[in-house]
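Just so it is clear, none of the values below were taken in a lab; they were calculated from the coordinates. A quick note: this is a predicted structure, and the numbers were derived from the prediction, not measured. For neighbour counting, all protein chains shown are included, and Cβ atoms are generated from backbone atoms with ideal geometry for every residue, glycine included.
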Amino acid sequence: MTATIDLSAHRLDTAFLLLREEVRAFLAEERAAGTFVAHSDAWMTAADPDFSRRLGARGWLGMTLPSRYGGHDRSPLDRFVVTEELLAAGAPVAAHWIADRQMAPSILRHGSEAQKQRYLPEIARGACYFAIGMSEPEAGSDLAAVRTRAREVPGGWEITGTKLWTTGAHYAHAMVVLARTDGSPGDRHSGLSQFVVDLPTPGVEVRPIVTVDGGHHFNEVVFDAAVVPGESLLGERGAGWSQVTAELAYERSGPERLMSTVPLLRAWTELLAERGSGAVEARELGRLTARAWSLRQLSLSVAAALAEGRSTETAAALVKDLGSRFEGDVVDTVRRLSGTEPVRGASGLEGMLAEGILHSPAFTLRGGASEILRSVVARGLGVR
C-alpha cells in the first residue's frame, strides 16, 4: 500500500495568534533585560536552566501533558506556536529541549505510573533535563545495530556499552538508553528495550566531546556494568524498536529541523532592509523565504497529525531531510552574499554566521543521516 502525506495548509485561529503575541512580548522583555542574545542552532547549543524554568513557570513546557502530571492539557499546535517563536528568536532552549520535545510524550505513552509521577511534573517545570542514549561508535543512524547490552541481575538491570554524540548528558538529570536485552545484534529490530537511567549513576561515565568551535554539547557516555533498578525499564521489554520509532516522529518533524538558522536569516534580512538589496540578494531571499514557508506548512501538518494520533513517520523523515538542507543553504547564501565576515563569539550577524558555518556539517547527520531518511521516505511512499 502506498502511503500519502497530507501537505494541506493548517490555519492557526485567533487563540493561536494571541498566544504567539504573548510569547513575542515575553521574548522582547527577556532581550531588553539582557538575559539572552540570539544564536544560530540555539536549540542544540544554547542551554540556560534559568531561562527554561521561566518558560516552565509560564506554562510553556509540558504543554501537551495532562494536568494531573503537571502539564497544561494543550494541543501540539499550541506547543508548535511557542516553539516556533522561541526558535525564531534564537532563545537558549537547549537545556529542556529533549525532555520537552520527545521524552515527555514517550514517558506519558510508555512509562509506568511511577515514572510519570516522577519525571513529567519536573519536565513541565523546566527542572528536569534528559539526554538520549541511542547512537553508538558502530551504530549511528542504524540504530538496530546497537551493541549496548542490558541483562537482568538481582534487583535490576546491568547495562554495559557506550553511547556517542549524546547531547546534553553533562547537565541532564536522566537519559533514556536503548539497549539489547535479548538476542544478538543480528536480530536487528527484536530484543531491544529502553531504560530511564538517572544521572549521575555509579558505573556511568560522561566524557565530554569538544567540537571544532570549542563548545561542549556532545558527550560519550560509557556504561561499565552499571546497575539500575528494575523499574528503570521504559515500556515493554523487547519493544524498544517500536518505541524509538514513535519518538523519532517528534524528534524529526518539529520546527527546529528547519529553523536552526532562521535567526541568521532574520539578521541578514534586517541588514538588507537597512542598506537595500540588489537583484541577486532579493531573488535569493525570496527563494529562501518560499522554502521556509513550504517547510513550515509540512512541519505544521505533522503537528496536526500528531494531535490526531495519526502515523507520521514518513512525513517526519521528509521534514528532517528537506529542513536540514534548507538550514545549510541559509548559511551558504548569507556567507556568499552578505559581505559579512564571520566572527566567533560576536553578537548579531557576524556571530550567528560563524555559528552557522561551524555547526552546519552536523545538520544532515543529527536525527538521522540524509541517506537513512530518504530510505524511510521511499519505503513510506512505496518506492522500490
Under the 0.36 nm per residue contour assumption, what length would be gained going from the current alpha-carbon distance of residue 198 and residue 15 to full extension? 62.1 nm
Connecting every pair of Cα atoms under 10 Å apart in the chain and solving the GNM, the largest mean-square fluctuation among 42, 369, 104 falls on 369
Listing 205, 138, 158 from the residue with the fewest other Cβ atoms within 10 Å to the one with the most, what is the order? 138, 205, 158
Among 301, 347, 370, which one moves the most in a GNM of the chain with springs linking Cα atoms closer than 10 Å? 347
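Of all alpha-carbon pairs in segment 228-323, indicate the percentage at a distance above 24 angstrom.
Numbers: 1969 of 4560 pairs.
I get 43 percent for the Cα pairs in segment 228-323 exceeding 24 Å.
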So what does log10 I(q)/I(0) come out to for segment 119-174 at q = 0.14, 0.17, 0.22 Å⁻¹, using the Debye formula with one equal point on every Cα and no solvent? -0.52, -0.71, -0.92
Per its Cα gyration tensor (rounded if a/c is under 1.5, else prolate when a/b beats b/c, else oblate), segment 317-361 is best filed as prolate
Taking Cα pairs under 8 Å and at least six residues apart, what relative contact order does segment 94-241 come out at, in percent? 24
Given a cut-off of 37 Å, what percent of all Cα-Cα pairs of the chain lie beyond it? 19
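Ranking 372, 132 by Cβ neighbours within 10 Å, fewest first, what do you get? The partial results should precede the final answer.
Numbers: 372 18, 132 24.
Arranged by neighbour count, lowest to highest, 372, 132 become 372, 132.
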Sorted by chain and number, the residues with a modelled amide H under 5 Å from that of residue 136, at a separation of 5 or more or across chains, are 164
Please compute the contact order of segment 39-181 in relative form: average sequence separation of alpha-carbon pairs under 8 Å and at least six residues apart, divided by the residue count, as a percent. 24
Segment 14-129 pair-distance distribution - Cα-Cα, 5 Å bins, rounded %: 2, 13, 23, 25, 19, 11, 5, 2, 0
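For segment 53-184, report the translational diffusion coefficient in µm²/s to the nearest whole number, using Stokes-Einstein at 37 °C, 0.692 mPa s, and a Kirkwood Rh over Cα pairs. Can you show the working numbers first?
Values: Rh = 16.0 Å.
D, rounded to a whole number, is 205 µm²/s.
Could the peptides 235-246, 209-220, 192-203, 277-288 be put in order, highest first, of the mean number of other beta-carbon atoms found within 10 Å of their residues? Before the final figure, lay out the partial values.
Working: 235-246: 18.1, 209-220: 15.7, 192-203: 19.7, 277-288: 13.6.
So the peptides 235-246, 209-220, 192-203, 277-288, ranked by packing, come out 192-203, 235-246, 209-220, 277-288.
Net charge near residue 148, counting Lys/Arg +1 and Asp/Glu -1 over other residues with Cβ under 12 Å of its Cβ? It would help to have the intermediate numbers written out before the result.
Details: positive: 147, 149, 151, 163, 180; negative: 136, 138, 158, 224.
Here the charged neighbours net out to +1.
Diagonalise the Cα gyration tensor of segment 242-380 and give the resulting equivalent ellipsoid semi-axes, square root of 5 times each eigenvalue, largest first, whole Å.
On the way: eigenvalues 187, 49, 30 Å².
Semi-axes from the Cα gyration tensor: 31, 16, 12 Å.
For segment 242-380, what's the relative contact order in percent, using C-alpha pairs closer than 8 Å and at least 6 residues apart?
Relative contact order of segment 242-380: 34 percent.
Helix-derived [θ] at 222 nm for the chain: sum -39500 (n - 2.57) over DSSP H runs of at least 4, divide by residue count, nearest 500? If you can, show how the numbers build up before the last one.
Values: 14 runs with 179 residues, N = 384.
Helices in the chain give a 222 nm mean residue ellipticity of -14500 deg cm²/dmol.
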Once the dipole of the chain is set up with Lys and Arg at +1 and Asp and Glu at -1 on Cβ about the Cα centre, which of 317, 131, 66 lies farthest towards its positive end? 317
Take residue 50 and residue 237, extend 7 Å from each Cα along the Cα→Cβ direction, and tell me the distance between the two endpoints in nm. 4.7
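May I ask for the percentage of alpha-carbon pairs in segment 139-240 that lie more than 20 Å from each other?
Pairs farther apart than 20 Å: 37 percent.
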